[in-house]
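S.K.: Can you keep this structure in mind? I'll have questions shortly.
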Amino acid sequence: MRRFVSLTLLIAVGLAGCQSLPWRKESAEPLPEIEPFEETLGVEAPAAPGRGLRLSTEQRFTDVPLPVGVKEDLDRTFVYESADLQIGRMVYTSKASVNALAQFYLDEAPVADWERASLIEAEVIEMVFVKPGRRLTVRIRDLGVTRGRTLTITLIPEHENGPTQ
């Protein structure tokens, strides 16, 4: 008996909250058409406020852009620099959005004379930039609301035929 009462009560609550029941349908009145104000015609929309992420002064390599506010993961970062070779895998975390980070590199890499070779957007955003003798790969992965984003920057030497093996 107790199960029957519980089940009946559960069904009643479920049906009461259902908006698609036939007896609960209301006829929707058409909305009036809105006409534009004469004084707003031909007026441009306001410009977007400021630029996105700013360029950090704490870059590992002077021509590899790095946004302000990223935190380096020293356990996962490797950098080697000599007089004639620069190579590295720098890993950072950021609270900035994936889109803001991607837009930062799309804007700032060409300023540092990097040419975009490819852009792949899937679960991870991967951008490849090249300049004579070097290849820069930028990967951005969303880790969720609480963990932020991972930014992985890989700098390797490159020959005319492709990356060195």
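S.K.: Which residues' amide hydrogens lie under 5 Å from the amide hydrogen of GLY148, considering only partners 5 or more residues apart or on another chain, with H built in the peptide plane?
M.R.: The answer is LEU143.
S.K.: Let me ask something additional. How about segment 79-163: which GluC sites (Glu not before Pro) there lie in a loop by DSSP and see at most 10 other Cβ atoms within 10 Å?
M.R.: Here the GluC sites (Glu not before Pro) that fit, given the DSSP loop and packing criteria, are GLU123, GLU160.
S.K.: Ok, one more. I need the semi-axes of the equivalent ellipsoid of segment 71-163: take the C-alpha gyration tensor, multiply each eigenvalue by 5, square-root it, list largest first in whole angstrom.
M.R.: 23, 16, 11
S.K.: Report ³J(HN,Hα) in whole Hz for each residue of segment 115-120, in order, from the Karplus equation J = 6.51 cos²θ - 1.76 cosθ + 1.60 where θ = phi - 60°; Gly and Pro get x.
M.R.: Working through the residues one at a time gives 9, 6, 9, 7, 9, 10 Hz.
S.K.: Then there's this: Using 0.36 nm per residue of separation minus the Cα-Cα distance, give me the extension gain between VAL68 and ALA112 in nm, one decimal.
M.R.: 14.2 nm
S.K.: Once phi is turned into ³J(HN,Hα) by the Karplus curve 6.51 cos²θ - 1.76 cosθ + 1.60 with θ = phi - 60°, what whole-Hz value does each residue of segment 56-63 show in order, with x for glycine and proline?
M.R.: Running phi through 6.51 cos²θ - 1.76 cosθ + 1.60 with θ = phi - 60° gives 7, 8, 9, 8, 5, 10, 4, 9 Hz.
S.K.: What are the trypsin sites (Lys or Arg not before Pro) within segment 54-133 that DSSP puts in a loop, where the Cβ has at most 13 other Cβ atoms within 10 Å?
M.R.: ARG54, ARG76, LYS95
S.K.: Label ALA83 and GLU123 with points 7 Å out from Cα along Cα→Cβ: what is the distance between them in nm?
M.R.: It is 4.5 nm.
S.K.: Could you give me the ³J(HN,Hα) list for segment 81-88, computed from phi with Karplus coefficients 6.51, -1.76, 1.60 and θ = phi - 60°, whole Hz, x at Gly and Pro?
M.R.: 9, 10, 4, 10, 9, 10, 8, x
Only the coordinates and a few stated rules stand behind these numbers; no lab work does. What you see is a predicted model, and the numbers here were worked out from it, not measured in a lab. Using ideal geometry, Cβ is built from the backbone for each residue, glycine included, and neighbour counts are taken over all protein chains shown.
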